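Following: one structure in structure tokens, then a few remarks.
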Amino acid sequence: MAARAPGTWWREGVLYQVYPRSFQDSNGDGIGDLRGVIARLDHLAWLGVDGIWLNPTFPSPDRDWGYDVADYTAVHPDLGTLEDLDALVAEAGRRDIRVLLDLVPNHTSDQHPWFAEHPDYYVWADGDKLPNNWRSIFDGGPAWTRHANGRWYLRLFLAQQPDLDWFNPAVAEEFDAIVRFWLDRGVAGFRIDVCQAIVKDRELRDDPGHSANRPEVHDVMRRWRALTDGYEDRVLVGETYVHELDQLMRYYGDGADELHLAFNIPFLQAPLDAARLRAIVEDVEAGLPPGAWPVWTGSNHDAGRLATRWARGDAALARCALVMLLTLRGTPFLYYGDEIGLCDVPIREEAVRDHAGGRDGGRTPMPWTSEPGGGFTTGAPWLPLGDGPSVADQIQHPSSTLHLVRSLIDLRRAQPDLRTGAYATLPAPDGVWAWRRGEDWTVALNLGEHNAELTLSGRIAVGTNRARDGEELSGTIRLRPAEAVVVFSGDDLRQRLPQNRRRL
Ligand code: GLC
């Protein structure tokens, strides 16, 4: 691989979340699989992504769709085999794309052999009454279930997802071996599920404050970081489901010795509002510990899709959100389908598969074409497809969201300032968020309802209105509602582009 400094690929690159059951089916059973992901790598290479995170790929009874793991060192038969996963890592590597797996260390499936063979790996309590007031994150009911053995076991999610006891050193050792197993196979790192809750209060004291964000969780993070640092250029990105930014920052560690990236839930959950998002970004910029790097995302398999949640189905607003994700300082994670502005799909009651969380609408198959089955499957898809435009539709149109995303990624690749340049907020009217990157780049989003004017000189490199690409600005720019631009105000843009770049 090209000689880039360690950490460059995941800091400067664009990452892309693949929900394997819904990306591409290769055998007609209606379920996406790893061979299917391999078949679509050329799309990802064309788009320009540097790495993919696969939602859980392990054998699982699928009570929580893969997040109830029955074996951490094998592949779910619905998705393929270990050989298929090796082939995916190799084929992706050939295209300079790395592969991250989803590690689930908070709990296992109750069908994992550990639950019967090593009960001491889990959190137990005795007594007639519930051990404390902890609540299940899924149903809000008690987080404890009475086992046939008469004891209570902890389960912060479903009753079929018993929580592991991270005070037991044997659990930590098991996970060291699991992490090594995959890193040795060439996996580039992990997205780590439910980081904030892995360790609970040892004395099982009541909430608030005792079922998550315990100080000892940082020992686990440091342990994994040290282990991962023994390999070349790997990355740990945490699902850090915390609502206070200062608490979130702690997951990067003191001296950058914990997670490389910590997902920002307050940003994801904020409305698409200039003042709200700007405030979060400014707080992150001010509060990140030295050496830490931001990460931005607007969609995932839990929260649903940005085109629906943030943009309420307005394609122009979704395009603004994509400009934002791809031009802030930090690593953007796109969710499969974001590149075409895919919306959540309404799910009829009889089609519901996620009984635990009602999250099916954001997990539906990728519409590659507009044929029945969407080019995703020749069989009956496990979840329905929506009726929005497909990849094949959008590829025909240079003004499509797909081409916009590709152009933005291309621009990032060509312009170091858009990857690593400092962020600085610029003055802007209400509803507008404008910032500078490095010396010469300005991004402006009009998320408000009125036309807005900004003082800005330079040339539009990429705008959501592609007809304006290349437009020279002479001191002011007018933005319509739901319009965004990326503007270059330095010396001649074309001269600074490498000769072999595609035309912007
Ligand atoms: C994480 C996952 C979610 C899952 C939960 C329990 O939040 O993202 O999908 O249901 O953990 O494992």
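Some points to look at:
- All told, LEU493 meets the bar of being surrounded by 18 or more Cβ atoms within 10 Å (Cβ to Cβ), at pLDDT below 95 and more than 22 Å from LEU277 (Cα to Cα).
- Test result for GLY313, modelled with pLDDT under 95 and surrounded by fewer than 23 Cβ atoms within 10 Å (Cβ to Cβ): no
- Screening ASP302 on (1) under 15 Å from the mean Cα position of the chain (by Cα); (2) in a loop (DSSP other than H, G, I, E, B); (3) away from the ligand (no atom under 16 Å from the Cβ) shows it passes everything except condition (3).
- Condition check for GLU244: over 24 Å from ALA356 (Cβ atoms) and touching a residue at least 60 places away in the same chain (Cβ under 8 Å): no
- Check on ASP184, at pLDDT 95 or above, away from the ligand (no atom under 16 Å from the Cβ) and either out of contact with any His (no Cβ under 7 Å at 6 or more places or on another chain) or not assigned by TED's automatic domain parsing to the domain that holds ARG234 (or both): yes
- Test: ARG223 is over 29 Å from GLY141 (Cβ atoms), surrounded by fewer than 19 Cβ atoms within 10 Å (Cβ to Cβ) and more than 15 Å from the ligand (Cβ to nearest atom): yes
- Some residue of region 54-68 being β-branched (Val, Ile, Thr) and more than 16 Å from the ligand (Cβ to nearest atom): no
- Subset of region 331-368 that is surrounded by 22 or more Cβ atoms within 10 Å (Cβ to Cβ) and small (Gly, Ala, Ser) - its residue that is farthest from the ligand (Cβ to nearest atom): GLY341
- Number of positions in region 76-121 that are out of contact with any Leu (no Cβ under 8 Å at 6 or more places or on another chain), of a type in the set (D, E, K, R) and within 16 Å of the ligand (Cβ to nearest atom): 1
- Only residues that are in contact (Cβ under 8 Å) with a residue 24 or more places away in the chain and surrounded by fewer than 18 Cβ atoms within 10 Å (Cβ to Cβ) were counted in region 160-171, giving 3.
- Of the strands (runs of 3 or more DSSP E) lying entirely inside region 124-199, those containing at least 2 residues that are under 26 Å from ASN264 (Cβ atoms) are 189-192.
- Qualifying residue in region 389-401 (condition: touching a residue at least 60 places away in the same chain (Cβ under 8 Å), in the same structural domain as GLY13 (by TED's automatic domain parsing) and within 17 Å of VAL487 (Cβ to Cβ)): no
- Filtered residue count, region 150-161, keeping only those that are touching a His at 6+ places or on another chain (Cβ under 9 Å) and away from the ligand (no atom under 12 Å from the Cβ): 2
- Test set (1) at pLDDT 95 or above; (2) surrounded by fewer than 18 Cβ atoms within 10 Å (Cβ to Cβ); (3) within 16 Å of the ligand (Cβ to nearest atom) - ASP139 fails condition number: (1)
- Index of the failed condition, PHE181 passing every other in (1) surrounded by 14 or more Cβ atoms within 10 Å (Cβ to Cβ); (2) within 21 Å of LEU164 (Cα to Cα): (1)
- Scope region 280-299; condition away from the ligand (no atom under 16 Å from the Cβ) and either of a type in the set (Ser, Thr, Tyr) or assigned to a loop (DSSP other than H, G, I, E, B) (or both); matching residues: LEU288, PRO289, PRO290, GLY291, ALA292, TRP293, PRO294
- Taking the listed residues ARG276, ARG312, the one that is more than 16 Å from the ligand (Cβ to nearest atom), farther than 27 Å from THR228 by Cα and part of a loop (DSSP other than H, G, I, E, B) is ARG312, with no other qualifying.
The values are calculated or read from the model by the stated rules, or taken from the named source; none is laboratory data. Owing to the predicted nature of the structure, the values given are computational and were not obtained by experimental measurement. Positions of Cβ are generated from backbone atoms using ideal geometry, with glycine treated the same way; all protein chains shown enter the neighbour counts.
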